[in-house]
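Here the structure comes first, spelled out in structure tokens, and everything after it is commentary.
The values are calculated or read from the model by the stated rules, or taken from the named source; none is laboratory data. Predicted, not measured: the structure shown is a model, and the values here were computed from it. All Cβ positions, glycine included, derive from the backbone under ideal geometry; neighbour counts span all protein chains shown.
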DNA sequence: TTTTAAAACTAATATTGTTAGTTTTATTTT
DNA sequence: AAAATAAAACTAACAATATTAGTTTTAAAA
């Protein structure tokens, strides 16, 4: 009934290879030509697996969000309160460090409104909501805080990656300081 | 002695046009072909004004940083303390809202280590340092705080721009909340 | 064994960036 | 005013990319 793919390539292999290119050569080098060359096929053959370059970017964004979520999620087990936020935050920037290209691809989807992309992102938002619940924020303040934490994490990851932080000052210490300050300012700390 | 440009185009006009394309159609649409078409010349002619697409991106980044600095700087005159940080922050995200393409180009320089790019960025960092001096942070804490504020601003601007904030919750209120929380957490508030 | 459909292929086209070399023309110099 | 200079445009040509159309191969399903 539902015919399965031929021997050849499966989507996971393709996305993994695309992720390698992104991390090693930069996300702008993830072209159909480069990807096909690494996979040992011709560029048009890739259209059997996704809908052109926009389709690849879309799938790569989802793939990246899933992997980022996994890292954040695992970091928060068996911790709570401030420690949980700190652990999640360091997992976030660690992922961006280890996979700069995949992380960048995370926000490179052609249509950010796409349902599957939204869903992959929503899991991360939900995790952030959960980890901030220990701070007992009421009403809109909870939503403001989630936006704040996400802003810090994304901004920090990008600025670190793009060489925005020039001072010779430990990056992890900076992140810890910033997160602690933000949580302190939110109040009602556990 | 120093021969001036012909009648034709000067760099300011070119960068302005490039900025228009970036804001209206997205930064990825800033191609030599598109730019040349808008200017009424042929693509190769652009090489008389900058060194290919990387050169254009470099100049556009500097141009954007200068304009961003101008907005931030003007917002901080005749205010101080928390008010100054808030004013500067809202000026920052306002610029990103009004000029999404130019703002994005700000971090798209081919070589972030480039001296002129660094210098344009350094003015913004210096302004941030100055505006945080009212909080009397000692030693490394001052540097951590600068990194934190920049992370918040960039992260907030990008997530807002890329549709990362889905809740129907006022964006400016979120920014105010986040900045206030961060400043409170830093302590010694004026 | 036959049928089917995925997954590869070849061939061709449009767009873009880029280089090389040429021409035009405003400005400077004589 | 005439000549020289150099910026700034041009044409022509090429390489790389994404993409479409149509074809062939081949593993899986019937």
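Counting only helices (runs of 4 or more DSSP H) that fall entirely inside region B:1-105 and contain at least 2 residues that are within 16 Å of DNA strand D (Cβ to nearest atom), the qualifying elements are B:11-25, B:32-39, B:52-75.
Here A:121, A:164 are screened, and the one residue that is facing another protein chain (nearest Cβ under 10 Å), out of contact with any strand residue (DSSP E or B) (no Cβ under 8 Å at 6 or more places or on another chain) and modelled with pLDDT under 95 is A:164.
Number of residues in region B:26-41 that are touching a helix residue (DSSP H, G or I) at 6+ places or on another chain (Cβ under 7 Å), within 14 Å of chain A (Cβ to nearest Cβ) and more than 9 Å from DNA strand C (Cβ to nearest atom) equals 2. Of all residues in region B:60-83, those that are under 21 Å from residue B:182 (Cα atoms) have Cβ atoms under 7 Å from Cβ atoms of residues that are at pLDDT below 95 and surrounded by fewer than 17 Cβ atoms within 10 Å (Cβ to Cβ), 6 or more apart or on another chain, in B:81/B:190; B:82/B:189; B:82/B:190.
Each residue in region B:67-87 was checked for being out of contact with any helix residue (DSSP H, G or I) (no Cβ under 8 Å at 6 or more places or on another chain) and either modelled with pLDDT under 95 or loosely packed, with under 13 Cβ neighbours inside 10 Å (or both), and 2 of them qualify.
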